[in-house]
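*Asks:* Let me give you the structure first, and then I'll get to my questions.
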Amino acid sequence: MDQEPSRLRLYIDSAATADWEKYLPLGLFYGVTTNPKLLRAGGIGFNYREISGLAKEAFYLGAGEIHLQVWGENSEDYLEAGRALADIDPRVQVKVPIDRVGLLAARTLIGEGIPVTLTALHSAKQALSAAALGAAYAAPYLGRMKDAGRDGLEEVLQMGRILRSLESPTRLLVASIRDTADLVALAAGGLDTFTLTPPIIEDLVADELTRAAMEAFAAEVTGE
């Protein structure tokens, strides 16, 4: 009998191919997420040739999706960018900021059948906009909420409760996670989609007691 696919989706939050090469082979990650800051840090220019090449590299390395963000000064710029990004590959998820300009563009993109990730959610009420538009994903920034003095964990958990109560297909893709304890708390609260930076990934796959146990196993094998 075939195993049911897991609801859990983990993403690598990086535009560095070295990170993808390191972590995608673990088999834990559904895909990768990027944003303009990560692209700039990776030396990727804001042009479709370079971004298309980056996306193709992600898929070659085994990513099931890549989330790429629009850019520009108005909704028409966002539309142009979103359409071009979507043309790269059906597995591209087009990220659009959840402000007035972004919502105008997102509505049209979704109406054209383009999968959209509404990004930069900072309050529970914004989950209503994501559900109303029918976005594929909605990405709250947990760490930035905490930086602003908000109860980020509760805001994000409430977003999840809102989407579940509405029976919305929109996935809450939690970003800006800075502590694996927060990741565990959110997963225990019913959330199932997260993007993780390399430091958080390293913490996720490591534990001091596990390391000590492995050293003890090795010592038994070698007789030391």
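Every read-out reported here was derived from the displayed coordinates using simple, explicitly stated rules and does not represent laboratory data. Quick caveat, the model's predicted, so the values are computed rather than measured. Here Cβ is always computed from backbone atoms with ideal geometry, including for glycine, and neighbour counts include all displayed protein chains.
*Asks:* Residue 193's amide H: which non-local residues (gap 5+, or another chain) put their own amide H closer than 5 Å, with H modeled 1.01 Å from N in plane and none for Pro or chain starts?
*Replies:* Hits under the 5 Å cutoff: 9, 174.
*Asks:* Mind giving me the nanometre distance, one decimal, between the label points for residue 21 and residue 188, set 7 Å out from Cα along Cα→Cβ?
*Replies:* 3.8
*Asks:* Now, a different point. For the chain, set up a GNM with springs between Cα atoms under 10 Å and report which of 113, 102, 160 has the largest fluctuation.
*Replies:* Between 113, 102, 160, it is 113 that shows the largest mean-square fluctuation.
*Asks:* Rounded to a whole number of µm²/s, how large is the Stokes-Einstein D of region 104-173 at 20 °C and 1.002 mPa s, given Rh as the Kirkwood radius over C-alpha pairs?
*Replies:* 177
*Asks:* At residue 8 and residue 203, where each label point lies 7 Å from the Cα along Cα→Cβ, what is the point-to-point distance in nanometres?
*Replies:* So the two model labels end up 1.7 nm from each other.
*Asks:* Once you've got the GNM for the chain with C-alpha springs shorter than 10 Å, pick whichever of 78, 137, 23 has the biggest mean-square fluctuation.
*Replies:* Per the Cα network of the chain with a 10 Å cutoff, 23 tops the list.
*Asks:* With only Lys, Arg, Asp and Glu charged, each at its Cβ (+1 for the first two, -1 for the last two), find how big the charge dipole of region 26-83 is about the Cα centre; round to the nearest 20 debye.
*Replies:* Numbers: 5 positive and 7 negative charges, 46 e Å.
So the dipole magnitude of region 26-83 works out to roughly 220 debye.
*Asks:* For helix 48-60, report the angle its Cα long axis makes with the longest principal axis of the Cα atoms of the chain; keep it between 0 and 90° and round to the nearest 10°.
*Replies:* Result, in degrees: 40.
*Asks:* Considering only the other residues whose Cβ falls under 14 Å of the Cβ of residue 48, what net charge follows from Lys and Arg at +1 and Asp and Glu at -1?
*Replies:* -2
*Asks:* Determine the dipole magnitude for region 9-222: charges of +1 sit on the beta-carbon of Lys and Arg, -1 on that of Asp and Glu, nothing else is charged, the reference point is the Cα centre, and the result goes in debye to the nearest 20.
*Replies:* 560
*Asks:* Let me ask you something else. Using only Cα atoms, what Kirkwood radius does the chain have, in angstroms?
*Replies:* 18.4
*Asks:* Could you point to the residue in 175, 58, 122 farthest towards the positive end of the chain's charge dipole, with +1 and -1 charges on the Cβ of Lys/Arg and Asp/Glu respectively?
*Replies:* 122
*Asks:* Determine the relative contact order of the chain: mean sequence separation of Cα pairs under 8 Å and six or more apart, normalised by residue count, in whole percent.
*Replies:* 16
*Asks:* Where is the GNM fluctuation largest for the chain (alpha-carbon springs, 10 angstrom cutoff): 80, 21, 208?
*Replies:* In the Gaussian network model the winner is 208.
*Asks:* In addition: For region 107-157 and region 1-79, write down the distance between their C-alpha centroids in whole Å.
*Replies:* 18
*Asks:* To the nearest 0.05, how large is the calculated FRET efficiency for residue 57 and residue 77 if R₀ is 35 Å and r is the Cβ-Cβ distance? Don't skip to the answer; put the middle values down first.
*Replies:* On the way: r = 25 Å, r/R0 = 0.73.
Efficiency computed from Cβ-Cβ geometry: 0.85.
*Asks:* Now a separate question. Which cross-chain or sequence-distant (5 or more) residues have an amide H under 5 Å from the amide H of residue 12, H modelled 1.01 Å from N in plane?
*Replies:* Close amide H contacts, sequence-distant or interchain: 31, 32, 33, 196.
*Asks:* Through the Karplus equation 6.51 cos²θ - 1.76 cosθ + 1.60, θ set to phi - 60°, convert the phi angles of region 147-160 into ³J(HN,Hα) values in whole Hz; use x for Gly and Pro.
*Replies:* My calculation for region 147-160 gives 4, 7, x, 8, 7, x, 4, 5, 4, 5, 4, 5, 4, x Hz in order.
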